[in-house]
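The values are calculated or read from the model by the stated rules, or taken from the named source; none is laboratory data. Nothing here was measured: the structure is a model prediction, and the numbers come from that model. No Cβ is skipped: glycine too gets one built from the backbone with ideal geometry, and neighbour counts run over all protein chains shown. Note: areas computed on protein heavy atoms with side chains; ligands, DNA, RNA excluded. Shrake-Rupley method; radii C 1.70, N 1.55, O 1.52, S 1.80 Å.
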Amino acid sequence: MDPTQDRDSPEVVIRRYSDMVYRLAFARTGNRSDAEDLYQEVFLRYLRSDPQFTSEEHRKAWLLRVTANRTRSLLASPWRRRSVPLEDVYACSGPEESAVAEALAALPPGDRTLLHLYYYEGYRQKEIAGLMDIPEETVRTRLARAREKLKHILSEVPQT
């Protein structure tokens with residue numbers, strides 16, 4: 001990184017958090033086009049609002065929260081409910097990863113979001129509760145249910 005660039009500069013922030021925002025948007029929508037649109041919208045909001053943060057964790061939480069909120073708005077839009085999405089799955093390298101990606105894509109967006117935040121982003125249940133603005137016990141219950149759904153879907157996948 002160029003030493004003259006500030007750690008709070010838009011370029012540095014976007015480079016640092018772009019993958020995280022895109023992955024969460026994709027995990028929630030299951031669609032690359034929507035994830036790319038949401039990615040752009042989140043960073044436009046970041047640039048326009050110029051929020052002040054107390055720490056990098058605060059910045060990361062803000063970006064995840066805005067991504068989740070914008071995704072929720074997109075999924076609830078009347079236009080979205082009347083459209084038929086093109087099939088799109090996680091890009092994976094092996095057959096095992098592909099089966100897991102397809103199983104994740106079959107889950108409802110809320111379940112995908114919780115599993116993504118917990119397993120891919122490494123958040124603890126308490127942190128997810130804060131990000132999603134729901135009680136920690138609710139996160140624990142929903143994670144358990146999402147794991148059960150995922151297990152059920154994976155048990156139906158034919159073994160190769």
### Message
Regarding region 74-84, can at least one residue be identified that is at pLDDT below 90 and among the aromatic types (Phe, Trp, Tyr)?
### Response
yes
### Positions within region 14-69 being of a type in the set (Lys, Arg), open to solvent by less than 80 Å² (accessible area, probe 1.4 Å) and more than 21 Å from Pro109 (Cβ to Cβ), in sequence order
Arg59
### Task
Filter region 23-38 for residues that are within 11 Å of Thr71 (Cα to Cα) and either among the basic types (Lys, Arg) or at pLDDT 95 or above (or both) and give the result.
Arg28
### Task
State all residues of region 109-123 that are in contact with a helix residue (DSSP H, G or I) (Cβ under 8 Å, 6 or more places away or on another chain) and without any contact (Cβ under 8 Å) to a residue 24 or more places away in the chain; if no residue qualifies, say none.
Tyr123
### Task
Given the conditions (1) touching a Gly at 6+ places or on another chain (Cβ under 9 Å); (2) open to solvent by 80 Å² or more (accessible area, probe 1.4 Å); (3) of a type outside the set (Lys, Arg), report the number of the one that Ala146 does not fulfil.
(2)
### Task
Can you run down the residue pairs with Cβ atoms below 9 Å, 6 or more apart or on separate chains, where the first is in region 136-158 and over 16 Å from Ala105 (Cβ atoms) and the partner is part of a loop (DSSP other than H, G, I, E, B) and at pLDDT below 95?
Arg142/Ile134
### Summary
Scanning region 1-13 for residues that are in a helix (DSSP H, G or I) and open to solvent by 60 Å² or more (accessible area, probe 1.4 Å) gives Glu11
### Summary
How many residues of region 115-160 are modelled with pLDDT of 90 or more and in contact with a Lys or Arg (Cβ under 7 Å, 6 or more places away or on another chain)? The answer is 2
